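A short write-up of the structure that comes next.
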Amino acid sequence: MRRARGRAGLGGCLVAGLLGCGPATPRDAGTDLGALDAIVAPDLPWVHPDVPDDAGMGSSDGAIPRDRPSVDRELPDDPRVNVLVTDGLRGEGLPCKLTIEGVEGTRDPHFGEGDQRGVMVDRDNRAIATGRWVLMPRGRASFMLPPGRYRFRVTRGTEYDQLDLGVVNHDGRRGPTLRGELHRVVNTEGEVSAEFHVHSEPSFDCDVPLEQRVLSLAVEGVEVFASTDHDIAGDFRPAIRFLGLERHIHWMKGDEITADGFGHFGAYPLPEAVDPARDLTHDEPNLMAILDRARRVAPGVILQLNHPMWNEYPIGYWSLAGFDPTTGMSRMALSSLFDTVEVWNGHNLNEPLEFNADVDQVIDTWMATLQLGFRAAAVGNSDSHRLTHNPPGWPHNYLRVANDDPGEVTDAMVTMALRARDVSLTSGPYLQLRVNNRRPGELAPGPEARVSVEVQAPAWIPLDTVEIIANRRVMANLTVTATPERGLVRQRFELPLPLRRDAWVLARTRARAPLDRTVGAPARPMPSLALTNPVYVDFDNNGRYEPPGIQGGP
Ligand SMILES: [Zn+2]
Ligand SMILES: [Zn+2]
């Protein structure tokens, strides 16, 4: 979305109006707070008079009172580190993530048990710490940290500039107070960010508590998520209320149909009454029966082909089917019943590549299916079973919706966008493609094809080139030369595309450098990559798109 509105929308709009309501509103870059300016010596008592002590975990009554800041005074000898981050536009606290790194001999902190269970470090502000991160639902936290020298950075996913709070000496007796503003620099008006494959405590193979899962997504700027535990579905609404995040994140009830031998399939949204363990069982004799059953019990459900090339277990459908992207042949005929394909499964960064194929390999294989006429939309999800080394929301998706306010978006808006294939995936840049003014998923009239692509990325996200690909061939390799302005790199390209037949046309970004250590701690560095779904060009204007075949060029 472009900026928070929600129920406090009137105030937000008034503020926006004063600042100018134009489409792009990158303001001060927000990183100009030098280390010294960012540290305010605490000289007032630190108390939290307004939040009742009995606000329990998971309690729907425990929502944080928004109009009563709990960080307002500080104790003279408070050893805790105090953090206060506000939205540069609205001035209020917002979900964000603090990364703490030890420097000059100080070790990184490690909060929580392993990386599936963070620890509540500030109950009043619902701040949860895990690994070297503190996740803050409203930009505030007060917590203990061993003495040392630390670098503090704050992030909020891929639409915000990074806030560098500098390097601070913490003597362990009197904690520093770190303040700053986060600035949204990327304009995604009309779209929401979404994650369609995450696990939590209900899964047999995951221990992340529900409220920690919700918070871990919200601090990455994820606005819509489908919970997809293995053959089971929890209720995430109490967790969202407990964190006070109703205006920031929308939950869809979902499931990962775990049919080893056939594959794993995301199914969302599910009606309230559907119990995946009972209604979406996977003891059917074949794949079609499994998918048919899902559509019967959950009309309108999106069926997503998860990690199609995971080979460690018999759970990758394309691998099991023996699909060869070079010849287009397979041992079993590929099903065309999927709405979406997870071409990037973030879990792959923690697996050897022979276990869970590299994203480029999966994208290329998906392109081979496009050659054959398959139309499932590409999506990217984390498949996170963790909090840190398999960071949730990396990658995620952008969808065109009628109302991009996460407090107002509905399941139906999300499924409509996915069915229209109007979706792009990203771990960094925000990429928008039009061909002859048509959006991804649409049919564009030929024979001329004029490509218009715009890329935006916060300055801290690596970005080198944008590729235009038609019928599996790279038609243009466009170098991003724009210099960052107010924390944003933004460039637009227009070019004609010489075609000789009907073609699918899409765009993707490349970057040599990976993302930095604020993102998470996967075993291999997280690449910066964005990919759109294709616009289909009807070159011969016969009113329909004809796929080129496995070897057919553009
Ligand atoms: Zn799976
Ligand atoms: Zn999974």
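A short reminder: the numbers here are calculations on the coordinates, not readings from a lab. Every value quoted in this text rests on a predicted model; they were computed, and no experiment measured them. Using ideal geometry, Cβ is built from the backbone for each residue, glycine included, and neighbour counts are taken over all protein chains shown.
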Nearest-0.05 FRET efficiency for residue 279 and residue 495, computed from C-beta distance (R0 45 Å): 0.35
Percentage, to the nearest whole number, of Cα pairs in the stretch 188-425 over 28 Å apart: 24 percent
Residue 303 long-range amide H proximity, modeled H, under 5 Å: 339, 340
Rounded to 10°, Cα long-axis angle of helix 411-420 versus longest principal axis of the chain: 40 degrees
Whole-Hz couplings from phi, Karplus 6.51/-1.76/1.60, listed for the stretch 162-169; x for Gly and Pro: 8, 9, 9, 8, x, 9, 10, 8
Separation of the residue 402 and residue 419 label points, Cα + 7 Å toward Cβ, nm: 1.3 nm
Pairwise centroid distance, computed over Cα atoms, of the stretch 272-317 with the stretch 184-234, Å: 20 Å
Bins of 10 Å, starting at 0 and running to the largest distance - Cα pair percent for the chain: 4, 18, 29, 26, 15, 6, 2, 0
Whole-angstrom Cα spans of the stretch 161-312 along principal axes, big to small: 64, 37, 32
Convex hull volume per residue in cubic angstrom - Cα atoms of the stretch 427-554: 109 Å³
Total formal charge among the other residues, if their Cβ is under 10 angstrom from that of residue 525, Lys/Arg +1 and Asp/Glu -1: +1
Global form of the stretch 335-440, assessed from the alpha-carbon gyration tensor, a/c cut-off 1.5: oblate
Within the stretch 496-528, backbone nitrogen closer than 15 Å to the virtual label 7 Å beyond the Cα of residue 473 toward Cβ: 497-506
Nearest-0.05 FRET efficiency for residue 482 and residue 331, computed from C-beta distance (R0 51 Å): 0.60
Between 0 and 90°, nearest 10: helix 9-19 axis offset from the chain longest Cα axis: 90 degrees
Counted charge near residue 305, where neighbours are those whose Cβ lies closer than 12 Å (Asp, Glu -1; Lys, Arg +1): -3
Ranked 143, 539, criterion: other C-beta atoms within 10 Å, fewest first: 539, 143
Extension gain from residue 546 to residue 107, taking 0.36 nm per residue of separation minus the Cα-Cα distance: 152.2 nm
Net charge of Cβ neighbours under 11 Å - reference residue 425; Lys, Arg +1; Asp, Glu -1: -1
Between helix 359-371 and the chain: long-axis angle, C-alpha atoms, 0 to 90°, nearest 10: 30 degrees
